[in-house]
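Colleague: Dropping a structure here in structure tokens format, bear with me for questions.
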Amino acid sequence: MAGGLVSVTERSEHGGPCLDTANEESVAHIQPSVGIVLGESSVQQPGTLYVTTRRLVWLSDDDLECGYAVNFLSLTMHAISRDQDAYPQPCIYTQIDGCDDEDEEYEENGTDDGADDEVLDNRGIIDDFSRVTEMRLIPTDASSLDHLFQVLCDCAALNPDPEGEQEGEGEWFFDQHEVMSNVIGGDHANNHIDLAELLMQDPRFEDADEEESEE
Amino acid sequence: MFRFRLFFSYFKELVGKVVTVELKNDLAITGILHSVDQYLNIKLEDTRVVDEAKYPHMLSVKNCFIRGSVVRYVQLPPDGVDVDILHDATRREARGA
């Protein structure tokens, strides 16, 4: 899968992230003066946040070889945090999952305090970014949080899982009323008869060893 | 995935109600359902985390966006579900899938 948080050491000639244009990556939003907190580590700042159509990228303003990126496929949630008990400054709180859905590794990594404890070495420095599960982005301009949150929503929506929970994009939706009143692909006049036939003949309704639908 | 379309149309009916979303990493988040999109990405408002022992730093957040692919299930409010309608809709959608 997308692999979680990664270190970014290279930049484009313009100082921004190197974009994967083959994958249609483009910059959607740039937020200057942003601090970043990875897991339990202390805040790193100042930096610039680049929200692209594929990733979140934070690049340090001071250290040109220091940066981090996470693909939206790995960003399981993001939120506006204004709870000072959680973190003193208003910020974007995110969770990162670099593992496959089926992978139990995530739970194996975790202690009761969260996986982040194992990520820090004895100097308190992160040595395995892919195991960072929580990240905060702290803009100096707190009024930008609402817009930043929305940009993240929009770009996350651009990155559904490639396997797809559905067969193809663009097939859609049924309002509850449509579901109730339409028989999709069936004969309106013979609702009940069709249903009985369907139940008897449709292999999906067989017992036991039918395959579960993909999920 | 016929369940997808059904859930989407059903979730639209639940906007404004309190739901609890459990993620595949066991995190449970309770909040007011703000919106849901075609990928079942979920936006919640006024969220609080149900398991504060596991994720103490998250505590309460105002707006929250949850990626649809990591949702394990969504706990619906008891009065928000008409089971008969859901049964009928599931049967009909199964026929058409």
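Colleague: Pairs under 6 Å by beta carbon, first residue under 25 Å from A:PRO88 (Cβ atoms) in the stretch A:14-43, partner assigned to a strand (DSSP E or B) and among the basic types (Lys, Arg), six or more apart or different chains?
Modeller: Hits for this filter: A:VAL37/A:ARG136.
Colleague: Continuing with the same structure: Return the total of residues in the stretch A:81-92 being modelled with pLDDT under 95 and part of a strand (DSSP E or B).
Modeller: Counting residues in the stretch A:81-92 that are modelled with pLDDT under 95 and part of a strand (DSSP E or B) gives 1.
Colleague: Restricting the search to the stretch A:45-66, which residues are assigned to a strand (DSSP E or B) and out of contact with any Phe, Trp or Tyr (no Cβ under 6 Å at 6 or more places or on another chain)? Even if it seems obvious, please write down each step before you answer.
Modeller: Our first condition is that a residue be assigned to a strand (DSSP E or B); within the stretch A:45-66, this holds for A:45-52, A:55-60.
Within the stretch A:45-66, A:GLN45, A:PRO46, A:THR48, A:TYR50, A:VAL51, A:THR52, A:ARG55, A:LEU56, A:LEU59, A:SER60 meet the criteria.
Colleague: Check the stretch A:19-28 and report whether any residue there is within 21 Å of B:ASN25 (Cβ to Cβ) and out of contact with any Ser or Thr (no Cβ under 8 Å at 6 or more places or on another chain). Walk me through how you get there before you give the answer.
Modeller: Step one: list which residues in the stretch A:19-28 are within 21 Å of B:ASN25 (Cβ to Cβ), which gives none.
Scanning the stretch A:19-28 turns up no residue that is within 21 Å of B:ASN25 (Cβ to Cβ) and out of contact with any Ser or Thr (no Cβ under 8 Å at 6 or more places or on another chain).
Colleague: Sticking with this structure for a sec: If you scan the stretch B:38-62, which residues turn out to be at the interface with chain A (Cβ under 9 Å from one of its Cβ atoms), over 27 Å from A:PRO162 (Cβ atoms) and outside any loop (DSSP other than H, G, I, E, B)?
Modeller: B:THR47, B:SER60, B:VAL61, B:LYS62
Colleague: Out of B:VAL83, B:VAL50, which single residue is loosely packed, with under 14 Cβ neighbours inside 10 Å, aliphatic (A, V, I, L, M) and modelled with pLDDT under 75? First the steps, then the outcome.
Modeller: Details: B:VAL50 fails: loosely packed, with under 14 Cβ neighbours inside 10 Å.
Every option except B:VAL83 fails the conditions.
Colleague: Which condition number does B:ARG67 fail, the rest of (1) at the interface with chain A (Cβ under 7 Å from one of its Cβ atoms); (2) farther than 24 Å from A:PRO160 by Cβ; (3) among the basic types (Lys, Arg) being met?
Modeller: With respect to (1) at the interface with chain A (Cβ under 7 Å from one of its Cβ atoms); (2) farther than 24 Å from A:PRO160 by Cβ; (3) among the basic types (Lys, Arg), B:ARG67 is out only on (2).
Colleague: In this structure, is A:SER41 surrounded by fewer than 19 Cβ atoms within 10 Å (Cβ to Cβ), closer than 27 Å to B:ASP26 by Cβ, more than 16 Å from the chain's Cα centre (by Cα) and of a type outside the set (A, V, I, L, M)?
Modeller: Details: surrounded by fewer than 19 Cβ atoms within 10 Å (Cβ to Cβ): yes; closer than 27 Å to B:ASP26 by Cβ: yes; more than 16 Å from the chain's Cα centre (by Cα): yes; of a type outside the set (A, V, I, L, M): yes.
Answer is yes for this residue.
Colleague: Give B:SER35, B:SER9 a once-over and let me know the one that is within 10 Å of another protein chain (Cβ to nearest Cβ) and in a strand (DSSP E or B).
Modeller: From the options B:SER35, B:SER9, the qualifying one is B:SER35.
Colleague: Criterion first (closer than 18 Å to A:MET135 by Cβ and modelled with pLDDT under 95) does A:GLU102 satisfy it?
Modeller: Numbers: closer than 18 Å to A:MET135 by Cβ: no; modelled with pLDDT under 95: yes.
Considered against the rule, which asks whether it is closer than 18 Å to A:MET135 by Cβ and modelled with pLDDT under 95, A:GLU102 comes out as no.
The values are calculated or read from the model by the stated rules, or taken from the named source; none is laboratory data. Quick caveat: nothing in here was measured; it's all calculated off a predicted structure. Positions of Cβ are generated from backbone atoms using ideal geometry, with glycine treated the same way; all protein chains shown enter the neighbour counts.
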